[in-house]
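The structure under discussion is supplied below as structure tokens; questions concerning it will follow.
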Amino acid sequence: MTGDATGAVEIHTALLRLRHTTGLPVAFGGLVESGGPRIRISELCGTATPALSALAVTAGNGLGGKAVALARPCAVTDYSASRQISHEYDVPVAAEGLRSVLAVPVVVRRRVRGVLYGALRTAEPLGDRALGAAMAAARDVEQALVVREEARGLLVAAQSASEPDLAAGAVREQVREAHAALRALAPRIADPSLRAELLDVCGLLAPRSRVPGPVLAPRELDVLSWVAAGATNALAAERLGVRAETVKGYLRSAMRKLGAHTRGEAVAAARRAGVLP
């Protein structure tokens, strides 16, 4: 896998899923370069040559550039002969032997952030199934990028809120909400380094007790984090992407381990054990 680590994991995972879902032999893509209107092709799956590697695609040019400019999927049945696109990139496309190609933009908050391509080495129409799978893959990348940005913002807020001189009640509540939100985001992060960073900050927000406490499962701690932030079971379920009954099960289990009879007792016991802020 090549390319900038920021978003590269999500792009590569989406391309692998696109090939598996559609059977398309070639998939590639990349993100918009910072400070410019160009897409840099960084992730390649199924290619036979390095012709497309690191190719810079300008908005408006070629198939991918058209998808960027229009912010919608585009496809051609025979790339080199198509009159629907400009032909700045015919040489690398021909070197890879691609004929039928589709390009789907990754749009985050109304801004194009990248492009995913799928291609055949024969000139035949790409059907609705292939287009639908490519659009679903682009949505997966979009959601991953949104989560990443939310996580970065929460990291900054949580780290600044963890300064020792901040003890006001409102700030404590902010810290607790940030702790719960970070724990909820962590399982959705594909990048292991960012996920580890999130969980490290969670640890900083919950100072460790000198008295050993019970070992809570990650999901039990996730649920308690939201309960501590004042969430109902229904809201905790929504934030964690599980059913309300599942939340109740984790809460009962955590209460049993903590020797608590109520939600409030469970939160207090978890704080005494140093696992909640």
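Just checking, which of VAL171, VAL227 is at pLDDT below 75, more than 22 Å from the chain's Cα centre (by Cα) and either within 30 Å of LEU145 (Cβ to Cβ) or crowded, with 21+ Cβ neighbours inside 10 Å (or both)? Walk me through it before giving the result.
Working: VAL227 fails: at pLDDT below 75.
Criteria check complete, one pass: VAL171.
On the basis of being surrounded by fewer than 17 Cβ atoms within 10 Å (Cβ to Cβ), of a type in the set (A, V, I, L, M, F, W, C), assigned by TED's automatic domain parsing to the domain that holds ILE39 and not in a helix (DSSP H, G or I), does ALA54 make the cut?
On the way: surrounded by fewer than 17 Cβ atoms within 10 Å (Cβ to Cβ): yes; of a type in the set (A, V, I, L, M, F, W, C): yes; assigned by TED's automatic domain parsing to the domain that holds ILE39: yes; not in a helix (DSSP H, G or I): yes.
Judged against the criteria, ALA54 is a match.
Could I ask something else about it? State whether the residues of the range 37-45 include one that is in a loop (DSSP other than H, G, I, E, B), within 27 Å of the chain's Cα centre (by Cα) and surrounded by fewer than 17 Cβ atoms within 10 Å (Cβ to Cβ). Walk me through it before giving the result.
Of the range 37-45, the ones in a loop (DSSP other than H, G, I, E, B) are 37.
Filter again for within 27 Å of the chain's Cα centre (by Cα), leaving 37.
Filter once more, keeping what is surrounded by fewer than 17 Cβ atoms within 10 Å (Cβ to Cβ): 37.
Looking through the range 37-45, at least one residue is in a loop (DSSP other than H, G, I, E, B), within 27 Å of the chain's Cα centre (by Cα) and surrounded by fewer than 17 Cβ atoms within 10 Å (Cβ to Cβ).
Another question about this same structure. Name every residue in the range 241-257 that is part of a loop (DSSP other than H, G, I, E, B) and over 19 Å from HIS179 (Cβ atoms), in order of residue number.
From the range 241-257, those part of a loop (DSSP other than H, G, I, E, B) are 241-243; that's our starting set.
Answer for the range 241-257, where residues must be part of a loop (DSSP other than H, G, I, E, B) and over 19 Å from HIS179 (Cβ atoms): just ARG243.
Among the numbered criteria (1) at pLDDT 95 or above; (2) not in a loop (DSSP other than H, G, I, E, B), which one does THR13 miss?
So THR13 meets the others, but not (1).
Out of the range 231-274, which residues are buried (at least 18 other Cβ atoms within 10 Å of the Cβ) and touching a Lys or Arg at 6+ places or on another chain (Cβ under 8 Å)?
Correct list: ALA231, ASN233, ALA237, LEU240, TYR250, LEU251, MET255.
Mind listing just one residue for me: the one in the range 258-277 that is in contact with a Leu (Cβ under 6 Å, 6 or more places away or on another chain) and in a helix (DSSP H, G or I) and, of those, farthest from GLU220 (Cα to Cα)?
ALA269
Next question, about the same structure. Exactly one condition in (1) on the phi > 0 side of the Ramachandran plot; (2) in contact with a strand residue (DSSP E or B) (Cβ under 9 Å, 6 or more places away or on another chain); (3) of a type in the set (Lys, Arg) is not met by ARG99; state its number.
(1)
Next up: Test of understanding: among VAL68, VAL76, which residue is crowded, with 16+ Cβ neighbours inside 10 Å and at pLDDT 95 or above? Spell out the reasoning first.
On the way: VAL68 fails: at pLDDT 95 or above.
Result of the check over VAL68, VAL76: VAL76.
Next up: Kindly evaluate GLY7 against the criterion of being crowded, with 19+ Cβ neighbours inside 10 Å and modelled with pLDDT under 90.
yes
Let me ask something additional. Those residues that are of a type in the set (A, V, I, L, M, F, W, C) and closer than 30 Å to ALA196 by Cα, I need them from the range 115-150; list them, please. Walk me through how you get there before you give the answer.
Taking the range 115-150 as the starting set, the residues that turn out to be of a type in the set (A, V, I, L, M, F, W, C) are 115-116, 119-120, 123, 126, 130-131, 133-138, 141, 144-147.
VAL115, LEU116, ALA134, MET135, ALA136, ALA137, ALA138, VAL141, ALA144, LEU145, VAL146, VAL147, listed by residue number.
Filter the range 57-93 for residues that are assigned to a strand (DSSP E or B) and of a type outside the set (Gly, Ala, Ser); which is farthest from GLU142 (Cα to Cα)? Talk me through it step by step, then tell me what you get.
Restricting attention to the range 57-93, the residues satisfying the condition of being assigned to a strand (DSSP E or B) are 57-58, 74-76.
From what's left, of a type outside the set (Gly, Ala, Ser): 57-58, 74, 76.
Numbers: VAL57: 19, THR58: 20, CYS74: 18, VAL76: 24 Å.
Once the filter is applied, the top-ranked residue is VAL76.
Go through the residues of the range 138-158 one by one and say whether even a single one is of a type outside the set (Phe, Trp, Tyr), outside any helix (DSSP H, G or I) and at pLDDT below 85.
From the range 138-158, those of a type outside the set (Phe, Trp, Tyr) are 138-158; that's our starting set.
Applying the additional criterion that residues be outside any helix (DSSP H, G or I) yields none.
No, that holds for no residue.
The values are calculated or read from the model by the stated rules, or taken from the named source; none is laboratory data. Predicted model, so just to flag it, every value in this text is computed and none were measured. As a convention, Cβ positions derive from the backbone with ideal geometry for all residues, glycine included, and neighbour counts pool all protein chains shown.
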